[in-house]
Structures are given as C-alpha cells and as structure tokens.
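Undergrad: To start, I am sharing the structure in question, which I have written as structure tokens.
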Amino acid sequence: MTCEDGMRRALREARAAAEAGETPTGAVIAHRDPARPDVPVRIVGRARNQVELLKDPTAHAEMIAITQAAGALGDWRLTNTTLYVTKEPCPMCAGAIVLARIPVVVFGARDSVRGAAGSKFNLLDHPDLNHRCEVVGGILEDECRELLQSFFQACRRRSGARQRD
C-alpha cells in the first residue's frame with residue numbers, strides 16, 4: 001500500500017466524521033506480517049473522530065484506530081504497522097502512538113498549533129522516549145487541509161447565523 005492509498009482511506013473516514021459534525025480527522029492502521037511477505041497488507045484499524053458523539057475528549061481517530069488494531073492483532077505492541085492519519089497527531093495521540101510502538105506514521109495536514117510530529121512538538125522522535133517513529137508528513141496535504149478548513153468555515157458561518165437570529 002502506498003502512502004497515498006493509505007491516506008485516501010483515511011480521508012474517507014475524515015469525510016464521514018465531517019458529515020457527522022465531528023472534526024474531520026480519519027485514521028487507518030495497516031499491518032504487514034513480516035513472516036508472510038506474500039500476504040497483502042491488512043487494515044487492522046480504521047476510525048474517525050467521535051469526540052462529539054461519545055462526549056469523550058480522547059475519542060480521536062488515532063486513539064480509536066489504535067484500540068481496534070490492538071484488538072485485531074491481539075497485542076498492544078503494534079509493530080509492523082503503519083498509521084495513516086489526515087491531520088498531524090496531537091500530543092495525546094502521539095503519546096499513544098509511541099506507547100503502541102507504531103513504527104511508521106504518515107499524516108496529511110500539518111498542525112502548527114498542536115502538531116506533535118514535528119510542527120509544534122516532536123514527540124514521535126523525542127530522544128528521551130523509549131520508541132521513535134519514522135514520520136512522513138504532507139501526504140495529500142492540500143486535500144486534507146481543505147477538508148479541515150471548509151469544515152471550520154462552515155462551523156463559523158453557522159455560528160454567526162445563530163448569533164444574528
């Protein structure tokens with residue numbers, strides 16, 4: 001699976017989040033069994049933000065996908081996986097990624113305010129932590145950023161219309 005293929009799958013999740021009124025972030029975790037290189041990559045986790053639905057501040061797409069992947073693989077160590085996520089992980093999600101030992105993180109839009117994969121903080125490659133991730137940023141970045149920007153513009157328009165009523 002190419003980085004673009006994984007990001008397109010994550011974008012489908014992000015669009016579904018936006019349709020549900022959630023911040024449009026989607027995540028997909030792919031697993032490759034190194035003992036069976038002839039077997040294709042398998043999706044072991046896929047999720048979208050569900051903070052509003054679940055009334056849970058930890059219900060970010062990455063967190064839910066990590067939980068799904070751990071269940072699918074029967075192990076909290078998510079070695080031999082790649083996480084594709086439409087927006088650069090926040091510090092909470094980056095901490096979970098490090099703890100889960102995910103070796104590769106591919107993200108779309110950078111987050112200069114809360115990004116913890118190098119834009120604001122660099123938790124995924126921090127020298128004091130016990131695990132470091134390979135990070136590939138900016139995959140389908142324009143499409144990911146546009147989805148986020150259009151979602152928040154629509155939210156501001158709705159908020160302004162309510163204030164005028």
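The values are calculated or read from the model by the stated rules, or taken from the named source; none is laboratory data. Quick caveat: nothing in here was measured; it's all calculated off a predicted structure. Backbone-built Cβ (ideal geometry, glycine too); neighbour counts: all protein chains shown. Accessible surface areas use protein heavy atoms only, side chains included; no ligands, DNA or RNA. Shrake-Rupley method; radii C 1.70, N 1.55, O 1.52, S 1.80 Å.
Undergrad: For the chain, what is the mean residue ellipticity at 222 nm derived from helices alone (per DSSP H run of n ≥ 4: -39500 (n - 2.57); sum divided by total residues; nearest 500 deg cm²/dmol)?
TA: Result for the chain: -13000 deg cm²/dmol, rounded to the nearest 500.
Undergrad: Okay, next question. Taking the radius of gyration and the Kirkwood hydrodynamic radius from Cα positions alone, what is the Rg/Rh ratio for segment 1-57, to two decimal places?
TA: 1.11
Undergrad: With unit charges on the beta carbons (Lys and Arg positive, Asp and Glu negative) and the dipole taken about the Cα centre of the chain, which residue among V104, A18, T86 sits farthest to the positive side?
TA: Working it through, the farthest residue towards the positive pole turns out to be A18.
Undergrad: What number, in percent, do you get for the relative contact order of the chain if the mean sequence gap of Cα pairs under 8 Å and at least 6 apart is divided by its residue count?
TA: 19 percent
Undergrad: Something else now. Could you tell me the extents of the chain's C-alpha atoms along the three principal axes, largest first, rounded to whole Å?
TA: Each principal axis gives a Cα extent; for the chain these are 62, 34, 29 Å.
Undergrad: Tally up the carbon and sulfur contribution to the accessible surface of the chain as a whole percent, 1.4 Å probe, everything protein left in place.
TA: On the way: 4340 of 8770 Å².
That fraction is 49 percent.
Undergrad: So how strong a dipole does the chain carry about its Cα centre when Lys and Arg Cβ are +1 and Asp and Glu Cβ are -1, to the nearest 20 debye?
TA: 420 debye
Undergrad: Compare the Cα positions of G74, L140, L124 along the charge dipole of the chain (+1 at Cβ of Lys, Arg; -1 at Cβ of Asp, Glu; about the Cα centre) and return the one farthest towards the positive end.
TA: L140
Undergrad: Now for a different question. Does segment 48-128 come out rounded, prolate or oblate, given a ≥ b ≥ c as the square roots of the eigenvalues of its C-alpha gyration tensor, rounded meaning a/c under 1.5 and, failing that, prolate meaning a/b above b/c? Kindly include the intermediate steps, with their values, before the conclusion.
TA: Working: a/c = 1.78, a/b = 1.09, b/c = 1.64.
Judged from the Cα gyration tensor, segment 48-128 comes out oblate (a/c at least 1.5, b/c at or above a/b).
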